[in-house]
Each structure stands twice: as structure tokens, then as C-alpha cells.
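Scroll down for the structure; my scribbles are underneath it.
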Amino acid sequence: HIKRPGVESYGYAGFGVGLITRLSLFDYTTKTSVTSSSGTDTATTAQVAFTLGDNDAGDEFVVDIFYDARYKSIIFETVSGRSKCPHEADTLPIEDPSIEIVELPSSIVTPDEEIVFVLKLTNIGVGESAFVLYPDLRDNEGNLQLRLDGAPLAGNRQYDWIDSNESVKTTLTVSRGPKLYKNKAITLWFRSACADTDTKSSIVLANKHTNDGSHLEFVEPCPKIDWAGEFKRDQSFLMNSVSDSTDFLQIVVMNPTANIRSIKEQHEEGRLQTATLLYREVGQVVWENARTTIEVENKEREEFPTKDVDINFVIHGEEDGYGYISNVDWAINGYVPQGTYEIMIKSTCGEPITANDEFDLYITQPIVGVLDYTPPKQYGSISPLHNEVLLSEELETTFTEPLNCARPFTF
């Protein structure tokens, strides 16, 4: 009962599930003064009934009740209690989700490995409740595969009951998608399982942090540059006096990942530094850089002088839409004596990442071929030396070098 005007409070605590409590009628006293020539009358009686209620299971409230003498009304003020769905002001939260990474992943993860996060999910609220864990996949441009405790995580994962101050440890792994090695970071949310979307916590999944931001990144192997055309088909090469040119040998190679990035893009955006052509004579140990002739612009004169440089497929030749580079010429004349040679392509990437050369360079299988600028000549006379030869007799002659007499004949 509130017996008289002024501010006097009486506490009321509501407990229970889906609480609705009705207070019986009680009296309170007001004074109303009316002044007239005959005197002053005072009226005193009124009755008020009210109901306090909350439909959310487990909510409890402590409410102070005040009487406002000026406006003749009852005032209710929540001073304590606990609540959820949503969390009410001036009460303790029944559910308060917290998520943290307790074991950070390595910053060096190979493409066939997983980025591993060990997470701790905690309810720091004052009561038990249900929660939901889910990733924001809008930044998953690389189609990364997320797994939680071994099961795919593409939507919500619900935890039915987590008690007050209880923690759950879980392992989340990230596998590389079909194309990208560097992906945007992904936000992981841990929130109330009810419709109260404001009660939530989040972390950012990333294993690489640089001035460019945070990313989920896998080590990119050194890109492959492979043989193409006749080099791939025959696994050999031949240059001789009947070739189109004895000064240059046209080299044909291809970029097998052209549908993802061109060679120039792999150089500008990835780890590729150079892709060179190497050669050595069969039986030798040291490889040498093959060279090509390029034009050098001369602004003072109209002509374009030339110079010879080491072949680098990153900057020499034009890659077509299918990844083929076929307009790089190996300068032979004046550099490489005739003989039998091995050639190979070597891709070189940035500073070493691991002890495994797979991530720092790529080398094709060598191809063996012949450079022969001088045609064979007959040495001496045909035998037998007499003028008349029997039909069953064979004629023999000697040449200055061995002939290729494999069938089908090329002469």
C-alpha cells in the first residue's frame, strides 16, 4: 500500500516462467483541496489494480514502485533481475555469447593442408540458454570449404544448452577452394538462438595479417610452364640445314592455369619471378640460359637496334587466350655449337618458403634434341672401286657424320 502523497517506494520481485502476477486492489490516499468562500473540503479515497507480466521463459525482474503526487500516477522502475530474448535494460543477461580463438593457425599452410582454428564458445550470462554458430559467407569468393568438428559448416550450427560460464571447445578447419590461394577473411558469428540478433559475438578467421589487411592464405606453389606443340608431342627437337631457319629455333610453351591467371598476372599478383629456357650439351653438368634477340627502341633515330637477352617467358612473347606462347625464338647461330642438347623450362618464385623446392621453383622434364647446321658429305669413293658391279653386290659409301636411317626415311 502507498498511504500518502510523496515519493515512497516498496519493492516487488517477480519470479517464475512466463510470469504474470496480479496485485490485489489496495488503497492509497490523495488530498484534493478546493477553496471557496465557505471553506475547504478534502476528498480521500481511490483504488488501483495492476498486473506485471513477461512472456519469456526464465525472465525474472525486481521492480520498485513509486507514486507521483504531481501527476497522480504509479511509476514502475526495474532495478534488477535477469532476462533474455531480448535482454532488458537494468537486468542481468541470461545469455551472453562469447567466442574466441584459443589456438591460432599457422601462417604457412600448403594447398593440400587445412587452416585450423581451435575455438572456445562461452556463455558468460547468468543462466543456461541455446546459441547458434554461423559463418558470414559473403566474402567467400574462393569457395573455401569450412568444417566444424569434421562436419561441413555452410549454415547454422546450434548448441541447445550452454550453462552460465560454461565453455565449449570446437575445431574449425578451412580447406582451399578450386582456384584462389589468397582469400578474404571470413567473419564467424556466435549469437543467441532466439530472435534477438543483437545478442551476439564474432571473430575474424584469418591466418595472414599484413598492411593489406587480413586474409585466409595458402602457400602458392611455383606456377608451371610446360612444353607445347611439337616439343610436347615429339619430346625432341631437330634443327638442320633444311629447317626454316638455322639462326633461331621457335619455342612453344603453355601456361596450364591460363583459365585462372596469365603468366604476367602470376608475376604481378603472385609469386612468379622468371620463367627461363635452359640448355646444356648432353654429358655436361652446367645449364646455360638460352637467349633471344629483341628490338631496342632508339628515340634519337628511326631504326630499332637489337640486342640479345636471356629468354624469360614472363616478359618475352605474347600469351593467347588458351595459355600458349609460340613467338619466342631461341637465338642459335653464334651462341650454340652444333651437337646434341637437353633443354628445359625453369620457373622461379620468390624467397624460399619451405625446404621443399616445389614451392620455390618448377622444372620441366628435359627434352633431348639435335642442332646440326652442316649437312653430311660423302667421304671417299664408293666401293667396290671397279667400274663394273654385279647385281647382287652392295655399294657402300662413308659420310662425314652418322645418318638418320630410321624408318620412315626423311631423305
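The values are calculated or read from the model by the stated rules, or taken from the named source; none is laboratory data. Just so it is clear, the structure is predicted and the values come from calculations on it, not from any experiment. For neighbour counting, all protein chains shown are included, and Cβ atoms are generated from backbone atoms with ideal geometry for every residue, glycine included. Accessible surface areas use protein heavy atoms only, side chains included; no ligands, DNA or RNA. Shrake-Rupley method; radii C 1.70, N 1.55, O 1.52, S 1.80 Å.
What to note about this one:
- Filter pass, Arg22 being modelled with pLDDT under 85, within 60 Å of the chain's Cα centre (by Cα), open to solvent by 60 Å² or more (accessible area, probe 1.4 Å) and not hydrophobic (A, V, I, L, M, F, W, C): yes
- Filtered by the rule that a residue be surrounded by 15 or more Cβ atoms within 10 Å (Cβ to Cβ), free of Cβ contacts under 8 Å to residues at least 60 places away in the same chain and part of a loop (DSSP other than H, G, I, E, B), region 78-93 gives Glu88, Thr91.
- Annotation note: Cβ proximity below 7 Å between a residue of region 63-77 that is surrounded by 13 or more Cβ atoms within 10 Å (Cβ to Cβ) and a residue that is in a strand (DSSP E or B) and acidic (Asp, Glu) (sequence gap 6+ or interchain) occurs for Val63/Glu77; Asp64/Glu77; Phe66/Glu77.
- Of all residues in region 38-62 being in a loop (DSSP other than H, G, I, E, B) and open to solvent by less than 40 Å² (accessible area, probe 1.4 Å), the one that is modelled with the lowest pLDDT: Ala46
- Given (1) in contact with a strand residue (DSSP E or B) (Cβ under 6 Å, 6 or more places away or on another chain); (2) surrounded by fewer than 16 Cβ atoms within 10 Å (Cβ to Cβ); (3) in a loop (DSSP other than H, G, I, E, B); (4) small (Gly, Ala, Ser), number of the condition Ala130 does not satisfy: (3)
- Count of region 160-205 residues which are basic (Lys, Arg) and open to solvent by less than 70 Å² (accessible area, probe 1.4 Å): 2
- Among the residues making up region 172-221, those that are among the hydroxyl-bearing types (Ser, Thr, Tyr), in contact (Cβ under 8 Å) with a residue 24 or more places away in the chain and not in a strand (DSSP E or B) are Tyr181, Thr199.
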